[in-house]
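Read-outs: derived from the displayed coordinates by stated rules, not from any lab. Predicted, not measured: the structure shown is a model, and the values here were computed from it.
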Amino acid sequence: MNRKKTALSVAAGGTAIGVVGLILIATPAGADETPPALPAISAEALVQSVLTTDVPALSGAVELRNNIGLPIPGLPQSSPGEAIAHVYADGSGRGRLAVQERGGEHTVVRDGQTTWLWSSADRTVVKYTGSVDHADKADAADKMADPATAARDLVGLMQRDSTISVDGTAKVADRPVYQLVLTPKPTERTLLREIRVSVDSETRLPLRLDVMANGQADPALRVGFTEFSTGPQNPSLFSFTPPAGAKITEFGDQDKPTEAQRNQFIDGLDAKVVGEGWDTVLTGKIPADLVKNSGTPQREGKAGKADVNPLGMLKQLGKEVSGPFGTGYVISTKVGTALVTTDGRVAIGAVPQQVLVDALGQK
């Protein structure tokens, strides 16, 4: 496994599709439920079963709870009991994900050799034909069509730098699960205390991910199924016809990007990964035109939309700091830190501020 590329894939969200696709797992059981009795299993055997399991035909409804402490644009938020996404898979690589977003729905359909991304809000369609790993967005779409892939990647990525244990059992979406816990080794510099993955006892699919931060009793981030079932699905779910009048953009294997292009944020932030494991940092640079306009007040742009003023927003949300990087602003949350310099350099990670400073100093 290429750990840095996987880390970049896990980090490169920024949209509802990206975020949900990276942590598509399940909701916790109620505190008053009696843990189910399941056969004992070692942490090593449970990890191996997660990494090698096949995804059956399934359907499910997903909710997402964000308790990070900072609003994140593009990250949907469920009300109690409300689903923000519905997931379907046919057990042979075809899948569908529908994410509810403000003003519409974002749908991803994987029908075999073609991946479709449909946004009802702006009536746009992106079509990827051929192998899905030739573009970052197509790769994210493929992960979402297979709801176990993201969690398997996470476990595979983090196991070398973690102490792994099985901490009892629980119920998730009315299904008995094992509690797999990944704790950072002492050498890891991170704000996170543990990642808790609930693994379905029958299918061995990950059905829950709780991100726990130091000093916090409740999960900082939780995504999960409120409903989950296995069995044959309607084949029509895995086909897509662009609506009349939709704007369609097509990509194929002949459009395979260069290595430099693959290491870019979807939204144009030129990015690279520094470090590995729990103290991985994503660094990049805000596009020059945005930095140039950041000294001016936010103003109305085309179609009445406000122009983005990133540094202006940081002055309101962050704390001004200085160091070897020059001057900038830092935003700290329960699970991570973001540092943006006044010349547009960016470092983000689930780490203390000094780790970001060190990452910016690396060439």
message: For R208, what residues show an amide H to amide H distance below 5 Å, using hydrogens built from the backbone and excluding near sequence neighbours?
response: A26, S198
- line: Under 5 Å from the placed amide H of V321, counting only residues 5+ away or on other chains, we find G328, Y329, V330
query: Out of residues 5 or more away from L221 or on other chains, whose amide H comes under 5 Å of its own, with H placed 1.01 Å from N in the peptide plane?
result: N67, V211
- request: Quick one: what are the phi-derived ³J(HN,Hα) couplings along region 272-278, Karplus 6.51/-1.76/1.60 with θ = phi - 60°, whole Hz, x for glycine and proline?
  value: 8, 9, 10, x, 9, x, 5
statement: Phi angles of region 346-355, converted by Karplus (6.51 cos²θ - 1.76 cosθ + 1.60, θ = phi - 60°) into ³J(HN,Hα) in whole Hz with x for Gly and Pro, give 10, 9, 9, x, 8, 9, x, 4, 4, 5
